[in-house]
Structures are given as C-alpha cells and as structure tokens.
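Just below is one structure, and these are the notes that go with it.
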Amino acid sequence: MSQLEARIARLRSRIQRACENCGRNPADVELLPVSKRQPPALVREAAALGFSRFGENYVQEGILKGQEAPGLEFVLIGPLQRNKARTALTHFQQIMTVDRPELATRLRALAQELDVVRGIWLQVDLWGEETKVGGADAGGLEAVFQALEGDPRLPVQGFMAIPPPEDPGSFHALARLRETWEQREGRRLRLSMGMSGDMEDAIRAGSDQVRIGTAFFGSR
Ligand SMILES: *Cc1c(COP(=O)(O)O)cnc(C)c1O
C-alpha cells in the first residue's frame, strides 16, 4: 500500500467513525481532496485511486495542475479577485468562494459570455475580524443571493466556510444558517466545512463535504 493509499484509508475510517458517532451515513459526506502546493504527480496518483475532483486555492496553480494532470475537475477554494474571474470560470468547474455581490454580478456576465454553467458556493464568514479568510456575513449573503437572481448558469450548491479553529460551536452556527436559507429557497443546500484538523466536529454538525489537504496528501 502506498503512503497515499494508507492516508486515504485512515481518512475513510475517520469519516466512518465520525458518522457512526452521530448516526449519519458516510456516503453522505463527500471527501474533497485539496491539492494546493502538492506536486501534480501526487494528484495523478490520487486520480488513479478514483478521485476526479480536487480543491485548489490559487487560480494559476490550479490551471497548471490541470495541464499536468488532465481529465480532472478543479474547484476553486481560495479567494477570487474580479480580474481573475474569467480565467477561473474557464478552468474551474466550481467556485466555492463567491462572497460579494460585485463578484457574483461579474461571474454572471462572464458565464453568459463564455456560455458555461458552473456550480458556485457562497463563502460565509460569521466571525469577521477574527479570521479574515474572506466570506460574507449574514447581510452580505442576502446581497449575493440577490445579485445571482437564481441565474441557472451559476447554480448555488450551498455554503462554504472556514470557521476559526477550536470552536466547534461555529459549525452549528453554519448549520443553522444553512437551515434558514433552505427554508427561504425551498430546496436543499449543501454545507462544505471541516478540514484535516476538525472534520469530526464538522461532520457532527451536518457537513456534506469536508475539504482535506494534509491528512490526504501529507504535509505541504
Ligand atoms: C488548505 C485548505 C483546506 C485543507 O486544509 P488542511 O488543513 O490541509 O486539510 C481546506 N479548505 C481551504 C479553503 C483551504 O485553503
């Protein structure tokens, strides 16, 4: 068994155990490998093990990796500047960091022009100054939804967040926020939260997708 296979096996059993502890089905928790600052060869190795979608933080790095590991999907999980929006929509299948109306409006215009459909996630930050990782607060989210106007080219998959570490309560706050918006929108919305160090708490609070870098690929 390769080191990568061993890490993935350990991760699977962590997810399994976390789900058993709260009565969830492990099949309902997606494992998104985060390949930032990892060599393309390792991404190809993961692809050979059945993974076809990877999270990347930087537009340029994601494009390069896509060239060196072709046939895979890349999801942008890092902050997006408006001047990179066109490149991001061209090369990434999903964008998980839509957090302001100006960006949403720009993405809509570009999606129309490029004639593409891209799943998007709204990045939430309920903690403000503490984290500075980007993301909309509750009022900001409202504005982003409005700017999107349910555009079918940019279907909203759900919410993504990087809560402050060591605060499991923040996962529950995100779960409540998701519930509120599910009621308003009248449909299911997914929640992407939990990383290598805190995925168990995130799963317990209802995460649908954990984004795993180091526990998947090893240290960066
Ligand atoms: C790097 C990163 C991850 C993965 O972090 P690990 O702690 O290595 O699992 C997940 N989400 C985002 C947004 C990241 O930037």
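Computed from the coordinates by the stated procedures, all read-outs in this text should not be read as laboratory data. Remember, predicted model here, so these are calculated numbers, not experimental data. Because the Cβ atoms are built from the backbone with ideal geometry, glycine has one as well, and the counts that use them run over all protein chains shown.
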Computed Kirkwood radius, in angstrom, where 1/r is averaged over Cα pairs of region 42-95
11.1 Å
Normalising by the residue count of the chain, find the relative contact order in percent from Cα pairs under 8 Å and 6+ residues apart.
22 percent
Could you compute the FRET efficiency for ARG176 and ARG37, with r as their C-beta to C-beta distance and R0 at 25 Å, rounded to 0.05?
0.15
Could you tell me the extents of region 37-128's C-alpha atoms along the three principal axes, largest first, rounded to whole Å?
38, 35, 20
Using the Cα atoms of region 144-220, I'd like the radius of gyration and the largest Cα-Cα distance, Dmax, both in angstrom.
13.9, 41
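Can you give me the Rg/Rh ratio for the chain, using Cα atoms for both radii and the Kirkwood formula for Rh?
0.95
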Amide H to amide H, which residues 5 or more places from ASP137 or on other chains are under 5 Å from it, using H placed in the peptide plane?
ASP125
Separation between the SER13 and ARG188 pseudo-spin-labels, each 7 Å from Cα along Cα→Cβ, expressed in nm?
3.0 nm
Intensity falloff of region 89-220 expressed as log10 I(q)/I(0), Debye formula with alpha-carbon point scatterers, at q = 0.09, 0.19 Å⁻¹
-0.26, -1.09
